[in-house]
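The values are calculated or read from the model by the stated rules, or taken from the named source; none is laboratory data. No experiment lies behind these values; they were computed from the predicted model shown. Keep in mind that these areas ignore ligands, DNA and RNA; they rest on the heavy atoms of the full protein, side chains included. Shrake-Rupley method; radii C 1.70, N 1.55, O 1.52, S 1.80 Å.
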Amino acid sequence: MNKDVAERNVAVTATVSPDGVVDNTAVRRAWPLPKRLGWHFAHYWQHWVMALPAMVFVFVF
């Protein structure tokens with residue numbers, strides 16, 4: 001088994017409580033960076049669209 005996969009499996013299994021409840025925040029933290037960024041932009045794209053004009057304005061001036 002690949003070392004990264006084994007580490008992720010340990011992280012995922014460690015996020016389940018004895019009652020069987022999964023901590024979704026901890027599971028998402030175990031995801032690789034590209035997957036986390038994709039999830040973030042898919043869920044918060046409206047915020048980035050609203051902030052984009054201000055960021056462009058600051059960059060230009």
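Computed values, structure above
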| item | result |
| --- | --- |
| Matching residues in the range 22-38 - criterion: being assigned to a helix (DSSP H, G or I) and open to solvent by less than 70 Å² (accessible area, probe 1.4 Å) | 25, 26, 27, 38 |
| The one condition in (1) on the phi > 0 side of the Ramachandran plot; (2) small (Gly, Ala, Ser); (3) at pLDDT 95 or above that residue 51 fails to fulfil | (1) |
